[in-house]
Amino acid sequence: MKIGITCYPTYGGSGVVATELGLELAQRDHEIHFISYAQPIRLRGAEPNIHYHEVEVSRYPLFDYPPYDLALATRMAEVAQLYDLDLLHVHYAIPHSVSAMLARQMLASGPRGRRLPFVTTLHGTDITLVGLDRSYLPITRYSIEQSDGVTAISNYLRERTQRIFDVKNSIEVIYNSVNCDVYYRNSEIADELRAEYAPDNQRVLVHLSNFRPVKRITDVIEIFERVHKQMPARLLLIGDGPDRSVAEWLAVQKGIHDDVLFLGKQDQIYEKLSIADIMLLPSELESFGLAALEAMACEVVPISTRAGGVPEVIDHGVSGYLADVGDVDTMARYAIELLTDEKRLREMGKRARAVAMERFCSTKIVKQYEDFYRRVLERSA
């Protein structure tokens with residue numbers, strides 16, 4: 001198949017998932033065309049069967065805000081016509097589904113009169129956006145209903161979407177995935193990095209996010225402080241965002257700043273995960289919990305809130321632990337209990353890896369998307 005993929009090309013979970021999906025599809029001999037305003041971060045530029053098409057937005061003085069959605073729709077139609085794409089797969093309803101819908105209409109009214117089906121994958125921010133501004137509800141609902149196929153990354157997200165938007169078309173759940181051949185506990189890398197980040201053999205806790213308020217980064221600091229009082233430990237904070245300065249200030253106030261390392265945005269996250277013992281994910285809301293899954297694949301035990309779709313990823317007491325939002329004492333207790341019992345920590349880490357391999361490996365998930373694409377194309381024929 002010839003598939004066009006549009007996503008946000010940044011460090012967010014949806015962009016990572018979309019890019020990894022494209023790479024997996026390309027390895028299975030599909031022709032993949034990424035269409036976005038920047039090259040997705042996981043692309044290196046030399047992958048076989050992968051093409052990138054930049055969307056250029058004109059900075060015309062008349063517009064206070066350049067109309068990216070219109071430029072994207074035009075580029076989608078151009079690429080689809082030039083390369084004879086079979087379908088578009090867009091991640092996020094706003095604005096990508098709207099742009100795909102316009103591209104489909106442009107192609108249908110063109111000389112060839114062809115119909116280009118498009119698939120929308122919901123990641124959760126679509127729902128958040130409507131929660132913040134209800135004026136987006138009509139266009140979000142319409143773009144979902146106009147999609148030729150819709151997927152959601154968790155049962156939680158599907159049910160919430162159906163409840164909030166009252167959409168009539170079916171939504172298929174296809175979970176996020178992780179490349180189990182890339183994300184694993186690499187002992188050689190771990191030995192080198194431990195000498196750098198934990199030279200005195202401290203316990204290593206890690207947090208990975210975009211540092212937005214919903215991630216509750218201050219709870220990460222609170223949990224780590226409780227662990228730090230009980231044993232030598234270090235906290236690796238991977239990512240960046242609006243709450244970084246708050247987290248830095250809190251770490252200083254609590255006297256633990258020297259053991260809290262802000263690493264910023266990272267490409268090869270699996271290397272850092274190879275030295276970690278525990279992943280902290282105290283989010284207020286997660287539609288899936290990709291960071292927890294990536295940690296599990298690296299035998300890092302996740303301790304998270306039971307928010308949104310996270311319980312579909314983490315089996316409490318088997319592959320990690322879950323607590324209520326804001327319950328930093330319980331999450332700290334789970335961490336301390338694990339870190340003081342090496343055998344239990346490693347056994348749970350191996351179970352977490354086994355769950356990731358059995359249910360969420362990209363080689364399994366990509367087949368579900370292939371099957372979904374075929375069904376969409378059959379219905380659209």
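Can you name every residue in region 266-312 that is farther than 30 Å from residue 192 by Cα and either hydrophobic (A, V, I, L, M, F, W, C) or not assigned by TED's automatic domain parsing to the domain that holds residue 192 (or both)?
Hits for region 266-312 are 285, 288, 307, 310.
Within region 44-93, how many residues are closer than 20 Å to residue 111 by Cα and without any contact (Cβ under 8 Å) to a residue 40 or more places away in the chain?
Going through region 44-93 one residue at a time, the tally reaches 6.
For (1) within 23 Å of the chain's Cα centre (by Cα); (2) outside any strand (DSSP E or B); (3) more than 20 Å from residue 55 (Cα to Cα), each residue gets a yes or a no:
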| residue | (1), (2), (3) |
| --- | --- |
| 88 | yes, no, no |
| 102 | no, yes, no |
| 105 | no, yes, no |
| 114 | no, yes, yes |
| 126 | yes, yes, yes |
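Quick one: in region 208-267, of everything that is charged (D, E, K, R) and without any contact (Cβ under 8 Å) to a residue 12 or more places away in the chain, which residue is surrounded by the most Cβ atoms within 10 Å (Cβ to Cβ)? Show your work before the answer.
Restricting attention to region 208-267, the residues satisfying the condition of being charged (D, E, K, R) are 212, 215-216, 219, 222, 225-226, 229, 234, 240, 243-244, 248, 254, 258-259, 265, 267.
This time we only want the ones that are without any contact (Cβ under 8 Å) to a residue 12 or more places away in the chain, so: 229, 258.
Details: 229: 12, 258: 9.
Checked region 208-267; the qualifying residue surrounded by the most Cβ atoms within 10 Å (Cβ to Cβ) is 229.
State which residue is surrounded by the most Cβ atoms within 10 Å (Cβ to Cβ) when the search covers only region 10-33 and only residues that are among the acidic types (Asp, Glu) and not in a helix (DSSP H, G or I).
31
Scan the helices (runs of 4 or more DSSP H) fully inside region 231-317 and keep the ones with 3 or more residues being more than 20 Å from residue 337 (Cβ to Cβ) and hydrophobic (A, V, I, L, M, F, W, C).
244-253, 290-297
Considering region 287-304 alone, what residues qualify as being free of Cβ contacts under 8 Å to residues at least 40 places away in the same chain and not hydrophobic (A, V, I, L, M, F, W, C)?
Of everything in region 287-304, those that are free of Cβ contacts under 8 Å to residues at least 40 places away in the same chain and not hydrophobic (A, V, I, L, M, F, W, C) turn out to be 289, 304.
Would you confirm whether any residue within region 105-113 is surrounded by fewer than 22 Cβ atoms within 10 Å (Cβ to Cβ), on the phi > 0 side of the Ramachandran plot, at pLDDT below 95 and not acidic (Asp, Glu)?
Yes, region 105-113 contains at least one residue that is surrounded by fewer than 22 Cβ atoms within 10 Å (Cβ to Cβ), on the phi > 0 side of the Ramachandran plot, at pLDDT below 95 and not acidic (Asp, Glu).
The values are calculated or read from the model by the stated rules, or taken from the named source; none is laboratory data. Computed from a prediction, not measured in an experiment: that's the story for all the values here. Every residue, glycine among them, receives a Cβ derived from its backbone with ideal geometry; neighbour counts consider all protein chains shown.
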